[in-house]
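Have a look at the structure below before the remarks.
The values are calculated or read from the model by the stated rules, or taken from the named source; none is laboratory data. Just so it is clear, the model here is predicted, and its values are computed rather than measured. Glycine also receives a Cβ, built like all others from the backbone with ideal geometry; neighbour counts cover every protein chain displayed.
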Amino acid sequence: MPETVSFLVDPLPVGTSAEFLESSFREIEPGSPALAVNDLAPHRGDGVFETLAIVDGRVNDLEPHLARLANSARLTDLPEPNLDQWRLVIRRAAERAPADGQFSVKIVVSRGVDPGTVPTGWAHVASVPDFSRERSHGIRVVTLDRGIDRGAGERAPWLLLGAKTLSYAPNMAAIREAKRRGVDDAVFVSSDGFVLEGPTSNVLVRLGDVVVTPPPAAGILHGTTQRRVFAFLESLGRRVAYRDLTLDELRGADAAWLVSSVRMAAPVIEVDGHPLGADAAMTAEINDHLLGAND
């Protein structure tokens, strides 16, 4: 089977009869011309997306990803996505991926061709980099000022801080800045000193016997992997909490991780040049769960 698979999708309205779902998308040659030059996705980043992990043929966290896609569409005033259609697209994409190994499927809904009255969509399956070293040896991070205070997300919802949009240029710039500083990744901090999230990840911090993550109300993306990790830890009787985290708490944490759908849980071993202890046992528990997870 190919390691790269692409589908062009004609997003259907909610309530469309199931008989039309199968004919609403088609497989295309990966890398083939498929996006109109006046589509608003590349011109303005005007669209939303989700990236789901496929582990040994299984799609992780399908429903949480679809729920977040719907929420992002609502926040950006896109038409409500037909989730039955996207379930089918994702299922067909996973069927075309190899049965062994780790892959990702990225689904995208753009506002469409300018002036954006009809959405466009696509799905793409690809192999993912080998993150086993990051998961086992840890990563070094630098904190970067996001330029907004802790309350900006609630005070200015038009900033779309809680939506997963295609406007990822600042996120990619932050990762490049981290590389320029000789480390692996970045953690955004608010201008008033609170930890937010990574450019493509959520932050988890162990303080004593409780694992903490910043609340979605802080203007961060509510992570599907973070939620799965919290549910797993709670099932083991561990304490978890959503609350504000200061930069000093991150630097003095007993352990910390950046978690995301594809990289899973990468332990943080250094913050701004300050060494951080790693909880190897909890890291292994979390990643064993995530790599074997299925809906």
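Can you run down the residue pairs with Cβ atoms below 8 Å, 6 or more apart or on separate chains, where the first is in the stretch 84-97 and closer than 15 Å to A53 by Cα and the partner is basic (K, R) and surrounded by fewer than 17 Cβ atoms within 10 Å (Cβ to Cβ)?
The qualifying pairs are A94/R58.
So which residues in the stretch 136-166 are in a helix (DSSP H, G or I) and of a type in the set (D, E, K, R), if there are any at all?
Across the stretch 136-166, the qualifying residues are E154, R155.
Looking at P42, P79, can you tell me which residue is surrounded by fewer than 19 Cβ atoms within 10 Å (Cβ to Cβ), more than 18 Å from the chain's Cα centre (by Cα) and within 17 Å of D10 (Cα to Cα)? Steps first, please.
Values: P42 fails: within 17 Å of D10 (Cα to Cα).
Result of the check over P42, P79: P79.
Could you list, in sequence order, the residues of the stretch 175-226 that are over 19 Å from A53 (Cβ atoms) and acidic (D, E)?
E177, D184, D192, D209
Being outside the structural domain of K164 (by TED's automatic domain parsing), among the small types (G, A, S) and in contact with a strand residue (DSSP E or B) (Cβ under 8 Å, 6 or more places away or on another chain): is that true of A36 here?
Criteria met by A36.
Of all residues in the stretch 92-135 being in a loop (DSSP other than H, G, I, E, B) and aliphatic (A, V, I, L, M), which is nearest to R263 (Cα to Cα)?
V128
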